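S.K.: Have a look at this one before I ask anything.
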């Protein structure tokens, strides 16, 4: 009897759908929306100072509906894969470098040297890297450029005794939090301030943004350190515990890396890795390098690393192929996520969503309008994941709307900044890419990020209320 009960329990056990299935369900939902939401567009005009097209407030007009059918649904999946090609191939090139770097044993040897130096204080690496990536996102707007570094930090975290969430989070949560709590980010608050007709920096705004940056970065690193300490003490507390994990070749246990020698060749290889990170930061900020240029840098770094470690051309080529095979799960996830945008754009329902949500703000009491703006910007980010893209669509509407409801345009820019940036860690249109690179299911990411996201939202709302009170 007891065996039968156990069998029945096993049958009733809920199994979370595969990550691809979850994304496909979201794509189906968006396809259904194209049959419900009216199609419409705003008129757009070219702004010569920004070099971008801006939405003209009040110019929304209905257009002929073009709902997506079954055939269009499947074609959108292919189109999404093609449209995501730039990011997909960037990840292939970046992952190939990290994969070969792992083969040299350099990362393991480096971690061993750090552990011998820090001992039980290795947890300090978490806030150090979170803040470093946060500064990069907050100042010169680094974001997608860090995707190629995620695999390396996943390896480092696993070697330290943590899990993939900590490894990916050190990079992604760090840069995303900094990007959202921007101080001088030209791609978000730079464009938004220009459209709103206000200066990017004033003494009061600068102090406010620096304080906000410190608060958000402290919250992010504190949450990750809490989670890391919990799973270090008891690995069964890891959200990923018991889940089948794709093997990362070359990883070793903590004890094994502590005993590893750090050879001269590995030190030279590590110096190349550090130089590459520095070059990425420099070329992105000074020359505007993006995925194409950075992919070339990763490819060059991979070849040079192979030569330094006395690999022949065949070994380097085979390593590239192995890396691509290991990355395919995440690459397909990236392409699937882009299909959501394809469907909504083809059906012309993105501008309709913008109109509906902006109208909601006007109906709110003035006391909660700032928080209402924040909520709307969070929702809009599902439809427009790009920060600069959201700025040119929303700020021409939000800036004059803030005048009407009696709020400063600085508050409108801050609501945009928070709503656009922090929800990048939550909406599937954004996080599917990171989940694919980290190598985890989206359901696991949501279990990890939801408590932090809710705390962040509460802090965002509180800061907006303070901003209104101090006359920002």
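Read the figures in this text as sums done on the coordinates, not as results from a lab. Since this is a predicted model, take the numbers as computed values, not measurements. Virtual Cβ from ideal backbone geometry, glycine too; neighbours counted across all protein chains shown.
S.K.: How much of the calculated P(r) for the range 57-105 lies past 18 Å, in percent of all Cα pairs? Before the final figure, lay out each step's value.
M.R.: Numbers: 736 of 1176 pairs.
Of the Cα pairs, 63 percent sit more than 18 Å apart.
S.K.: The chain: Rg/Rh from Cα coordinates, Kirkwood Rh?
M.R.: On the way: Rg = 23.4 Å, Rh = 23.7 Å.
Over the Cα atoms of the chain, Rg/Rh equals 0.99.
S.K.: Could I ask something else about it? Working from Cα positions, state the angle (0 to 90°, nearest 10) between the long axis of helix 387-405 and the longest principal axis of the chain.
M.R.: 40 degrees
S.K.: Put a dot 7 Å past each Cα toward the Cβ at residue 287 and residue 300; how far apart are the dots in nm?
M.R.: Using points 7 Å along Cα→Cβ, the separation is 0.7 nm.
S.K.: For a quick protection proxy, order the peptides 126-133, 449-456 by their average other-Cβ count within 10 Å, most packed first. Write down the numbers at each step before the final one.
M.R.: Details: 126-133: 20.6, 449-456: 16.5.
So the peptides 126-133, 449-456, ranked by packing, come out 126-133, 449-456.
S.K.: What's the extension gain from residue 52 to residue 75 if we count 0.36 nm per residue and subtract their Cα-Cα distance?
M.R.: Numbers: separation 23, 0.36 × 23 = 8.28 nm, distance 2.91 nm.
Taking 0.36 nm per residue and subtracting the Cα distance, the gain is 5.4 nm.
S.K.: In addition: Per residue, what volume in Å³ does the convex hull of the Cα atoms of the range 63-136 enclose?
M.R.: Taking only Cα atoms, the range 63-136 has a hull volume of 192 Å³ per residue.
S.K.: Tell me, 338, 447, 44 in order of fewest to most beta-carbon neighbours within 10 Å? Don't jump to the answer; show the numbers that get you there.
M.R.: On the way: 338 23, 447 13, 44 16.
By the 10 Å Cβ count, ascending, the order reads 447, 44, 338.
S.K.: Rg and Dmax in Å for the range 297-341, alpha carbons only: what are they?
M.R.: 14.4, 45
S.K.: Okay, moving on. Where the centroid of each part is defined by its Cα atoms, how far is the range 54-113 from the range 310-325 in Å?
M.R.: Value for the Cα centre distance between the two parts: 24 Å.
S.K.: Would you please classify the overall shape of the range 313-382 from the alpha carbon gyration tensor, given that a ≥ b ≥ c denote the square roots of the eigenvalues, rounded means a/c under 1.5, and beyond that prolate means a/b larger than b/c while oblate covers the rest? It would help to have the intermediate numbers written out before the result.
M.R.: On the way: a/c = 6.64, a/b = 2.91, b/c = 2.28.
Taking the square roots of the gyration eigenvalues as a ≥ b ≥ c, the range 313-382 is prolate.
S.K.: Order 433-442, 55-64, 186-195, 304-313 from most to least packed using the mean count of other Cβ atoms within 10 Å. Provide the component values of the computation, followed by the final result.
M.R.: Values: 433-442: 24.9, 55-64: 12.8, 186-195: 22.8, 304-313: 15.4.
Descending mean neighbour count gives 433-442, 186-195, 304-313, 55-64.
S.K.: As an exercise, use a Förster radius of 56 Å and the Cβ-Cβ distance of residue 345 and residue 307 to find the FRET efficiency, rounded to the nearest 0.05.
M.R.: 0.80
S.K.: Please report, in whole Å³, the volume per residue of the convex hull around the C-alpha atoms of the range 370-472.
M.R.: Working: hull volume 8.7 nm³, N = 103.
Normalising the Cα hull of the range 370-472 by residue number yields 84 Å³.
S.K.: Here's a follow-up. Under 1.5 on a/c is rounded, so check that first for the range 99-156, then, if it is not, pick prolate when a/b is larger than b/c and oblate when it is not; a ≥ b ≥ c are the square roots of the alpha carbon gyration tensor eigenvalues.
M.R.: Details: a/c = 3.42, a/b = 1.33, b/c = 2.58.
Since a/c reaches 1.5 but b/c is at least a/b, the shape of the range 99-156 is classed as oblate.
S.K.: Considering every pair of different Cα atoms, what Kirkwood radius, in Å, is found for the range 152-207? Walk me through the numbers on the way to the answer.
M.R.: Values: mean 1/r = 0.0753 Å⁻¹.
Computed over Cα pairs of the range 152-207, the Kirkwood hydrodynamic radius comes out at 13.3 Å.
S.K.: Shifting gears a bit: What is the spread of the Cα atoms of the range 120-214 along each of their three principal axes, largest first, in whole Å?
M.R.: 49, 25, 14
S.K.: Could you check how many percent of all C-alpha pairs in the range 40-188 are farther apart than 29 Å?
M.R.: Details: 4603 of 11026 pairs.
Here the long-distance tail beyond 29 Å is 42 percent of all Cα pairs in the range 40-188.
S.K.: Sorting 145, 86 on the 10 Å Cβ count, fewest up front, what's the list?
M.R.: Numbers: 145 23, 86 13.
Starting with the residue having the fewest Cβ neighbours, the order is 86, 145.
S.K.: I've got another one for you. Between the helical axis of 85-103 and the dominant principal axis of the chain, each derived from Cα atoms, what acute angle in degrees is found, rounded to the nearest 10?
M.R.: 20 degrees
S.K.: Still on this structure, please answer the following. What length, rounded to one decimal in nm, is gained on full extension from residue 404 through to residue 241, with 0.36 nm per residue of separation minus their alpha-carbon distance? It would help to have the intermediate numbers written out before the result.
M.R.: Details: separation 163, 0.36 × 163 = 58.68 nm, distance 5.18 nm.
Additional length available on full extension: 53.5 nm.
S.K.: Hey, another quick one. Write down the radius of gyration of the range 183-244 and its Dmax, each obtained from C-alpha positions, in Å.
M.R.: 18.9, 53
S.K.: Treating the angle as unsigned and between 0 and 90°, give the value, to the nearest 10°, between the Cα long axis of helix 70-83 and the longest Cα principal axis of the chain.
M.R.: 60 degrees
S.K.: Same structure, new question: Classify the range 182-308 as rounded, prolate or oblate from the Cα gyration tensor: take a ≥ b ≥ c as the square roots of its eigenvalues, call it rounded if a/c is under 1.5, otherwise prolate when a/b beats b/c and oblate if not. All intermediate terms of the calculation are to be shown ahead of the outcome.
M.R.: Working: a/c = 2.54, a/b = 1.36, b/c = 1.87.
Because a/c hits 1.5 or more and a/b fails to exceed b/c, the range 182-308 counts as oblate.
S.K.: Using the 10 angstrom Cβ neighbour count as an exposure proxy, how do 158, 198 rank, fewest first? Present the calculation step by step, with values, prior to reporting the outcome.
M.R.: Numbers: 158 20, 198 16.
The fewest-first ordering by Cβ neighbours comes to 198, 158.
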